[in-house]
Amino acid sequence: MQIDKNNSRSGLWAQPDPKRHMVRGALLMAATALAFTLAAPAQAQNAQNMEITGDAAPQKAAGSNEATAQKAAPAAPADGSSAPKTTSGAPSPSASPAATSPAAAESGVTAKQDAGSSAVVFMYHRFDEGEYPSTNTRVDQLSAHIAELGKSKYHVMDVGKIVAAIANGSPLPDRAIGITVDDAYRTFYSVAWPMFKKAGMPVTVFVSTSQLDAGYDSYMTWDMLRDLVKQGVTVGGHSDSHAHLSAISAAEAKAELEKSAQRFKQELGFVPELFAYPYGEASSEVQQAVRDAGYKAAFGQQSGGFDKTADRFYLPRFALNEHYGSLDRFELAANSLPLDVSDLTPANYTLTRNPPAFGFTLQQPAKDVKCYPSDGTATMSRLGEERVEVRLDGPVSPGRWRINCTAGGPDGRWRWLGMLYTVPEGIKNPG
């Protein structure tokens, strides 16, 4: 394993550019034989104490049928969306597609050509807190993850250096990996950080300042956070109160960011440069507020790798918890590649129309693209070789709606595009 130990918190880019949310009970989850499944987005939106929320199992992959799914359906997305329940030919999450997948054969892309252009970032929350399986990672799971990342093919790097390199067009090693932890739970300090530190792996922790101010036993103290900073842990912003930022006014969101920055400055002497949206929820207005607050990049909670084509203020992360902490799933995610697209619709990550008209333009040929929505029956259409359009048969449930699209990549690796949209109550498309 090669590790970047230089844990800088400055100079990412030269250009401008209460306890009530703690988990009160485990979210009901169901597993299918084909993939991992999570609770429906509507449930997730109401569970304000949940940080990790995932995807309901879709009934059918958009644009697939029984015959084509058996031949070419990609592995189920690694953040909880499942392959079609009506087909049996999709490989399991631990399976690898052939190196001569349709996408690779069509484009002639090789692993060497992909190397150094993208990265994968993981997201954790709690550790060794078995009463909260939806946000917890067991010690044995974390040990397995660290052991996997200790293999020489991976390059664990500071997340700030990863996003800076991509923004500046600087090369990255193949399989560049970043590690993030949301919410500053105390078990990161007492359980996980000693394990990461022993392995020499840099970590970024995203902090909601009022959670530390409140003095809850389950969260770290400011003294603990200062100790982590001295040890090389990077701190990121996560709002002040861990609010649903896309559900409050622009003025309220701005106030959240301002108060958070003030508390960081008072307690740590600096304001972080990286941000993570609470619950992964964003909107065009919230993104602009984060830019205006001086952050250099921001992360959501949608799955996928990323490269220079990604939205720097909505970067993906693979969520990990007890239900999605298996080594097979971790390996699949760690070896994934981005599915590069442009002209993505909807462009606003909080929907203004329901059902959404989802689509994108492929930046490289891929004949085996499949899309898996978390809610609703979808039909996928290909407009020529490049454009992919997904249409739902009706409105999706209020809360959060995810869609994951995958395609075969080089050397048995998979390409991922994961999107998470906030669905307000009562919106509909014009008649």
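The values are calculated or read from the model by the stated rules, or taken from the named source; none is laboratory data. Being a predicted model, the structure only gives us computed values, none of them experimental. Positions of Cβ are generated from backbone atoms using ideal geometry, with glycine treated the same way; all protein chains shown enter the neighbour counts. Note: accessible area is taken over every heavy atom of the protein model, side chains too, but ligands, DNA and RNA are not part of it. Shrake-Rupley method; radii C 1.70, N 1.55, O 1.52, S 1.80 Å.
For this structure, a couple of remarks:
- In the stretch 307-336, the residues that are over 15 Å from the mean Cα position of the chain (by Cα) and hydroxyl-bearing (Ser, Thr, Tyr): THR309, SER326
- Within the stretch 409-422, residues that are within 17 Å of ASP307 (Cβ to Cβ) have Cβ atoms under 8 Å from residues that are assigned to a strand (DSSP E or B) and of a type in the set (Val, Ile, Thr) in these pairs: TRP414/THR406; ARG415/THR406; TRP416/THR406; LEU417/VAL341; LEU417/THR406; GLY418/ILE403; MET419/ILE403, counting only partners at least 6 apart in sequence or on another chain.
- Within the stretch 275-328, the set of residues being open to solvent by 10 Å² or more (accessible area, probe 1.4 Å) and charged (D, E, K, R) comprises GLU285, ARG291, ASP292, LYS296, ASP307, LYS308, ASP311, ARG312, GLU322, ASP328.
- Considering only residues in the stretch 110-142 that are open to solvent by less than 30 Å² (accessible area, probe 1.4 Å) and in contact with a Pro (Cβ under 8 Å, 6 or more places away or on another chain), the one that is modelled with the lowest pLDDT turns out to be ALA111.
- Apart from one condition, ALA347 fits all of (1) open to solvent by less than 40 Å² (accessible area, probe 1.4 Å); (2) touching a helix residue (DSSP H, G or I) at 6+ places or on another chain (Cβ under 8 Å); (3) within 29 Å of PRO278 (Cα to Cα); (4) not polar (S, T, N, Q); the exception is (1).
- Positions within the stretch 363-373 being in a loop (DSSP other than H, G, I, E, B) and charged (D, E, K, R), in sequence order: LYS367, ASP368
- Filter result for PHE330 (outside any loop (DSSP other than H, G, I, E, B), in contact with a helix residue (DSSP H, G or I) (Cβ under 7 Å, 6 or more places away or on another chain) and either modelled with pLDDT of 95 or more or more than 13 Å from LEU417 (Cα to Cα) (or both)): yes
- Residue satisfying all of: in the stretch 374-431; among the hydrophobic types (A, V, I, L, M, F, W, C) and part of a loop (DSSP other than H, G, I, E, B); most open to solvent (accessible area, probe 1.4 Å) among these: ILE427
- Sole residue being more than 24 Å from the chain's Cα centre (by Cα), in a helix (DSSP H, G or I) and crowded, with 16+ Cβ neighbours inside 10 Å, chosen from GLU252, GLU267, GLU256: GLU267
- Residue that is open to solvent by less than 10 Å² (accessible area, probe 1.4 Å), modelled with pLDDT of 95 or more, under 30 Å from ARG263 (Cα atoms) and part of a helix (DSSP H, G or I), where the choices are PHE196, PHE206: PHE196
Residue-by-condition table, conditions (1) open to solvent by less than 30 Å² (accessible area, probe 1.4 Å); (2) over 27 Å from HIS238 (Cα atoms); (3) modelled with pLDDT of 95 or more:
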residue	(1), (2), (3)
SER92	no, yes, no
SER101	yes, yes, no
ALA105	no, yes, no
GLY108	no, yes, no
ALA144	no, yes, yes
TYR154	yes, yes, yes
ALA167	no, no, no
